[in-house]
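The values are calculated or read from the model by the stated rules, or taken from the named source; none is laboratory data. Keep in mind that this is a model prediction, so the values were computed, not measured. Here the Cβ positions follow ideal geometry from the backbone for every residue, glycine too, while neighbour counts run over all protein chains shown.
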Amino acid sequence: MGSKGLTALAFMILRPLILKREKIEDTDSYFKSFYKILFSSLSIIAIMMISIVIITLFIPIWRDRLPSPEIMFVVILPFFLLTHGVIGYINLSIKE
């Protein structure tokens, strides 16, 4: 990921310590929505990983067009963060 990627991860890790915490009034609905968003994001990542394995094993023409597996696994973390944010935004906009 390089130095820029590690710096971004360090900022994401330190964010809860730097910013002021909000009081969660209804913890039940908060944790239910967080679980739903996390489950949806992980499902999308699992489908993506399974499709990559199927493509590399059964479609040899596309195998050369895909990056190496080492690069693909580095792409998974930013893709997970992106899907987690998008699904959370969609969930938030549907509730209101």
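At a glance:
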item	result
Subset of the range 13-41 that is in contact with a helix residue (DSSP H, G or I) (Cβ under 8 Å, 6 or more places away or on another chain) and within 17 Å of His84 (Cα to Cα) - its residue that is modelled with the lowest pLDDT	Ser33
Pairs, first farther than 19 Å from Thr83 by Cβ in the range 47-70, second polar (S, T, N, Q) and modelled with pLDDT under 80, C-beta under 9 Å, six or more apart	Trp62/Thr56; Arg63/Thr56; Leu66/Thr56; Pro69/Thr56
Residue that is at pLDDT 80 or above, among the hydrophobic types (A, V, I, L, M, F, W, C) and surrounded by 11 or more Cβ atoms within 10 Å (Cβ to Cβ), where the choices are Phe58, Phe79	Phe79
Residue in the range 15-33 that is surrounded by 13 or more Cβ atoms within 10 Å (Cβ to Cβ) and not β-branched (Val, Ile, Thr) present	yes
Elements of type helices (runs of 4 or more DSSP H) in the range 1-80, at least 3 residues being touching a Ser or Thr at 6+ places or on another chain (Cβ under 9 Å)	27-58
Pair list, Cβ under 6 Å, 6 or more apart: the range 82-94 residue closer than 11 Å to Ser40 by Cα, other residue of a type in the set (D, E, K, R)	none
Within the range 82-96, considering residues that are exposed (fewer than 11 other Cβ atoms within 10 Å of the Cβ) and at pLDDT 75 or above, the one farthest from Ala10 (Cα to Cα)	Ile94
